[in-house]
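Below: one structure, written as structure tokens.
None of the figures in this text is laboratory data; all of them are computed from the coordinates on show. No experiment lies behind these values; they were computed from the predicted model shown. Positions of Cβ are backbone-derived with ideal geometry, glycine not excepted, and every protein chain shown enters the neighbour counts.
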Amino acid sequence: SNRIRPEHAHTPLVIMTVLIQLSVGALTAMQWATLLHRLEITIAVVLVGQIALGFSLLHLGRPAFAWRALKMWKQSWLSREVLLLSLYAGASGALLPLLLVPSSLTRATTMAALVFGWAGLWASANIYLVSARPAWNMPATIADFLLTACLLGPVVVLMADPKNSLLHTVAMGAAIAQLANQLWKLLAMRHSLVFEMKASARLLTGRLQRPFAWRMFLGLAGILFLAMNLFTAALALLLAAELLGRYLFFVSVVPKNIASTFIGMKKVA
């Protein structure tokens, strides 16, 4: 177990994935609650999405050539993510001036932004469903990415519309489901017959035990504040929980080849 070490955190991807999920979830909740006319909130939500995509460029060795990722959109989930989230950023940005004089074009642009946004989140999650990283190649990864949007987005809008019981129910359900998803993933990996899955579980209950415990605690505290209708505090706690959870997503994965390396070294010894 001493040979198993945490992977790189990929901090720009941690920030990018969580913030773009918050943006898409919040824009959806605002459309649902018919609050898009609250321009100060809509601008903030759209801006968060633009900032998130900016962070994604920090992950690239040569950001100026990011456009080349679009070439493989028919075969690559990464290319689809870049294309769809870029279209989301464009459509959501174009929506802002249209909200000043609402028309059928405003509604069409809103729907386009939401379709591009959710499709982009789906593509983003599918990037990580690779056999070389067993701890990622699980349904829990899809659930993780989509639930982040479903819990953070409504909480943002609840700060502007605190009496919206439907959004409150969605946020509470998604927050509980996200914690359950994290626990299910840990148990599934712990009882898996795949070495790398067990190794990831060992990291989360060993070297990464403290941040994992904090991730769960912050999620529970966020749910408690959400239940008390303290939405600003709930958002801060839940956002911190999701950022920490996404950090653990990256650092706790064990690559597929580590077992053969370990066994080979053991035989040599």
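Laid out as a table, the results:
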{"quantity": "Flag for Lys198 being part of a loop (DSSP other than H, G, I, E, B), free of Cβ contacts under 8 Å to residues at least 40 places away in the same chain and more than 24 Å from Leu19 (Cβ to Cβ)", "calculated": "no"}
{"quantity": "Extreme residue, surrounded by the most Cβ atoms within 10 Å (Cβ to Cβ), among residues of segment 222-255 that are part of a loop (DSSP other than H, G, I, E, B) and out of contact with any Asp or Glu (no Cβ under 6 Å at 6 or more places or on another chain)", "calculated": "Ser252"}
{"quantity": "Scope segment 1-57; condition surrounded by fewer than 20 Cβ atoms within 10 Å (Cβ to Cβ), touching a Gly at 6+ places or on another chain (Cβ under 8 Å) and under 16 Å from Arg107 (Cα atoms); matching residues", "calculated": "none"}
